[in-house]
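The values are calculated or read from the model by the stated rules, or taken from the named source; none is laboratory data. Quantities reported herein were computed from a predicted structural model and do not represent experimental measurements. Cβ: placed from backbone, ideal geometry, glycine included. Neighbour counts: every protein chain shown. In case anyone asks, the SASA skips ligands and DNA or RNA and just uses the protein heavy atoms, side chains included. Shrake-Rupley method; radii C 1.70, N 1.55, O 1.52, S 1.80 Å.
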Amino acid sequence: MPAPAYVLPFALLATLFGGSTGAVISTLMLLAIPFGARGARRLLSVVGHLVETRALPRWVHVWGAITYGLVPATSGARGEGRFGTVVVAALLPWTARAALGFADPERDGRWRAAWRTALLVALGAAFVPGVWLFALLVTAIVFGSAAFVAPRLLKDRDVWGPPAAGLLAVPVLLAPWLLPLVTTGSGPGLLLEAGRLPGGPRRLRRPRHRPARGPGARRGGSARCSPCSPCWRWCRARPGCR
């Protein structure tokens, strides 16, 4: 199977830590909380202006941002080492805020939103490939709803063009990893997640004690203690060892 797509951002970050991947993962786990909280606060501020809730106090946005920032730490993904889920959770509010730019009344603003969204979705898909499939599903639902509510909007290329271009740019950015994955028959790798083994976590089983086999072994399976053993006197005191 080809190398995962997140190897490139890992290599870029590892240059700052002397090539230590452990330091990179620890930094990602640590900075994901404030980074996600910052993105959630900016998203809430933009959504608040869209729904005309400017009268809301600032502490409401701060409370919502802190609550979302703690999601990676409290969901169990951080404790299980699933850094892919942690990274995607931190990028999600930033991606949603970039996607809100598709509603910009200016044409240039919508195209800038397309490239920002494409970069963020591609970065998230590098850790969890299902992110791009989820974005594709959400876009299909939005376009399907717009076809019934406002079909005239879909006739304007400057309206449907930026979201479509942003989605198509994601596989182009991931092509160095995606093409070898598909051509080598490793398609199931699209469902993997960074930091999680295929098949889920496995419990380690302690090996069972096997009875000794040999001239000194009893018929019941337990071996006789040697006279040189420290437990000789203790074993002789037991009825089963006589």
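Data for the structure
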quantity: Rounded to whole Å, sorted largest first: equivalent-ellipsoid semi-axes of the stretch 63-150, Cα gyration tensor; calculated: 27, 15, 13
quantity: Residue 165 versus residue 150: modelled label distance in nm, points set 7 Å from Cα along the beta carbon direction; calculated: 2.0 nm
quantity: Protection proxy ranking of 164-176, 10-22 - average other beta-carbon atoms within 10 Å, highest first; calculated: 164-176, 10-22
quantity: Under 10 Å, Cβ to Cβ, from residue 93 - net charge with Lys/Arg +1 and Asp/Glu -1; calculated: +4
quantity: Estimated inter-spin distance, residue 7 and residue 133, nm [label 7 Å along Cα→Cβ]; calculated: 2.3 nm
quantity: Mean accessible surface per residue for the stretch 27-168, computed with a 1.4 Å probe while every protein chain stays in place, in Å²; calculated: 59 Å²
quantity: Extension gain (nm, one decimal) between residue 60 and residue 74, 0.36 nm per residue minus Cα-Cα; calculated: 3.0 nm
quantity: Pairwise FRET efficiency - residue 67 versus residue 17, Cβ, R0 = 35 Å, nearest 0.05; calculated: 0.70
quantity: Two-decimal Rg to Rh for the stretch 110-166 - Kirkwood Rh, Cα set; calculated: 1.02
quantity: Accessible-area composition of the stretch 58-182, carbon plus sulfur, in percent [1.4 Å probe]; calculated: 72 percent
